[in-house]
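K.L.:
To start, I am sharing the structure in question, which I have written as structure tokens.
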Amino acid sequence: MISYSPTDCSGSLPTYELARAAEARLRTTPYLAIQRIACECDHRGVLFLRGRLPNFYQKQIAQEAVARLPGVSQVINETEVVSPA
């Protein structure tokens, strides 16, 4: 899920570009579950991560992977940790 608001994120990238950049960064990790995480950015540069992950380690990896992107002011990690069936 990507936000397509044309508003700038903290004077950096438009929200949809920041969300796309975050998703691209997540796709570079070796974990398939992290690669499937959806990102959305609001007009303040707050980046939301949403999806399901198998453990808290991968939840932390996902958050750290996007936290230092230019324009990200905060990461709200809404991913769920679920046990594999």
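The values are calculated or read from the model by the stated rules, or taken from the named source; none is laboratory data. Just so it is clear, the structure is predicted and the values come from calculations on it, not from any experiment. Positions of Cβ are backbone-derived with ideal geometry, glycine not excepted, and every protein chain shown enters the neighbour counts. Heavy atoms of the whole protein, side chains included, go into the accessibility calculation; ligands, DNA and RNA do not. Shrake-Rupley method; radii C 1.70, N 1.55, O 1.52, S 1.80 Å.
K.L.:
Restricting the search to the range 34-85, which residues are among the aromatic types (Phe, Trp, Tyr) and under 11 Å from the mean Cα position of the chain (by Cα)? Can you show your working first?
P.N.:
Filtering the range 34-85 for residues among the aromatic types (Phe, Trp, Tyr) gives 48, 56-57.
Hit for the range 34-85 is Phe48, nothing else.
K.L.:
Exactly one of these conditions fails for Pro30: (1) open to solvent by less than 30 Å² (accessible area, probe 1.4 Å); (2) at pLDDT 95 or above; (3) in a loop (DSSP other than H, G, I, E, B). Give me its number.
P.N.:
With (1) open to solvent by less than 30 Å² (accessible area, probe 1.4 Å); (2) at pLDDT 95 or above; (3) in a loop (DSSP other than H, G, I, E, B) applied to Pro30, the lone miss is (1).
K.L.:
Mind checking whether some residue in the range 49-68 is at pLDDT below 95, on the phi < 0 side of the Ramachandran plot and among the basic types (Lys, Arg)?
P.N.:
Filtering the range 49-68 for residues at pLDDT below 95 gives 68.
Those left that are additionally on the phi < 0 side of the Ramachandran plot: 68.
With the extra rule that they be among the basic types (Lys, Arg), the set shrinks to 68.
Within the range 49-68, one or more residues are at pLDDT below 95, on the phi < 0 side of the Ramachandran plot and among the basic types (Lys, Arg).
K.L.:
In the range 48-72, what residues are open to solvent by 40 Å² or more (accessible area, probe 1.4 Å), under 23 Å from Pro84 (Cα atoms) and in a loop (DSSP other than H, G, I, E, B)?
P.N.:
Scanning the range 48-72 gives Pro54, Asn55.
K.L.:
Another question, then. I'd like the full set of residues that are part of a strand (DSSP E or B) and closer than 16 Å to Arg25 by Cβ, limited to the range 37-47. It would help to see each step written out before you state the result.
P.N.:
Start the filter on the range 37-47 by keeping residues that are part of a strand (DSSP E or B), which leaves 38-41, 46-47.
Once the filter is applied, which keeps residues that are part of a strand (DSSP E or B) and closer than 16 Å to Arg25 by Cβ, the range 37-47 yields Ala38, Cys39, Glu40, Cys41, Leu47.
Per-residue answers, yes or no, for (1) in contact with a strand residue (DSSP E or B) (Cβ under 7 Å, 6 or more places away or on another chain); (2) touching a residue at least 60 places away in the same chain (Cβ under 8 Å):
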residue: Glu23; (1), (2): yes, no
residue: Thr29; (1), (2): no, no
residue: Ala38; (1), (2): yes, no
residue: Asp42; (1), (2): no, no
residue: Gln58; (1), (2): no, no
residue: Ala67; (1), (2): yes, no
residue: Gly71; (1), (2): no, yes
residue: Thr79; (1), (2): yes, no
